[in-house]
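First up is the structure itself, then whatever we jot down about it.
The values are calculated or read from the model by the stated rules, or taken from the named source; none is laboratory data. Treat the numbers as computed from the prediction; the structure is a model and nothing was measured. Glycine gets a Cβ as well: all are built from the backbone with ideal geometry, and neighbour counts include every protein chain shown. The accessibility values were calculated without ligands, DNA or RNA, using every heavy atom of the protein model including side chains. Shrake-Rupley method; radii C 1.70, N 1.55, O 1.52, S 1.80 Å.
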Amino acid sequence: MSNEDYLKDISEIKHLMNKSSRFISLSGLSGILAGIYALIGASVAFWLVNTYSDGVLFIFHGWVFWTCMAVLMLIALLSALTGVILTVRKAKKNDEKIWDSSSRRLLLNFLIPLLVGGIYCLIILDQGRYGQTGGLMLIFYGLALVSASKYSLGDIRYLGYIQIILGLIASYYPGYGFWLWVIGFGIMHIVYGTWMHFKYDRKL
């Protein structure tokens, strides 16, 4: 066998090993749409706060606060549904199993930091420390991405690192937490999703 044949065989073996141990059907387009949802939701929250509130106490103890929370939950729900739908479609296109040991490990390692972070953010909100929530959301989301990257496309760990860094900055400068949240969940999702779409999805 020639060197080219050996390299081809090694490449195929590596691909099969990755396919058996990692869930690689994540969609870049879902990242783009999640970023768009986040930007739209942030715009709605910003408009509500600036139009109907004249102070922090009013914002976080009235209907404006609960409306903003509902918008946040809607963003999370739409992003999750979009991710599931597009991932299922891509997995079928790749002839890959949707629910196997790889996808279970991916989901478990992603959800544990995310759920812990969500519960902690609720505790912080209940204690009235609202300025810290933006940074905490970014940090725990970043940790979830880094944890899940071991069982999926390794590239998502870079998005996780960026989210963690933005979260730490937001924790140090809580006055900029909203805008850093917009950058992390909005702009960076669009940038990451676009990169992943052209790197992986367009090859299919």
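To one decimal place, what Kirkwood hydrodynamic radius in Å is obtained for the range 62-204 from all pairs of distinct Cα atoms? Evaluated on the range 62-204, it is 16.2 Å. Once neighbouring chains are kept in place and the probe is 1.4 Å, which whole percent of the accessible area of the range 105-146 is contributed by carbon and sulfur? Carbon plus sulfur share of accessible area: 75 percent.
Please compute the length gained on full extension between ILE124 and ALA80, using 0.36 nm multiplied by the number of residues separating them and subtracting their Cα-Cα distance. Can you show the working numbers first?
Values: separation 44, 0.36 × 44 = 15.84 nm, distance 2.39 nm.
Between ILE124 and ALA80, full extension yields 13.5 nm more.
Computed from the C-beta positions of TRP195 and ASP100, the FRET efficiency with R₀ = 30 Å rounds to 0.70. Here ARG129 sits with roughly 120 square angstrom of accessible surface, probe radius 1.4 Å. Distance distribution note for the range 123-204: the fraction of Cα pairs above 18 angstrom is 45%.
The radius of gyration of the Cα set in the range 102-146, together with its Dmax, comes out at 11.7, 40 angstrom.
Relative contact order of the range 117-204: 28 percent, from C-alpha pairs under 8 Å at least 6 residues apart in sequence.
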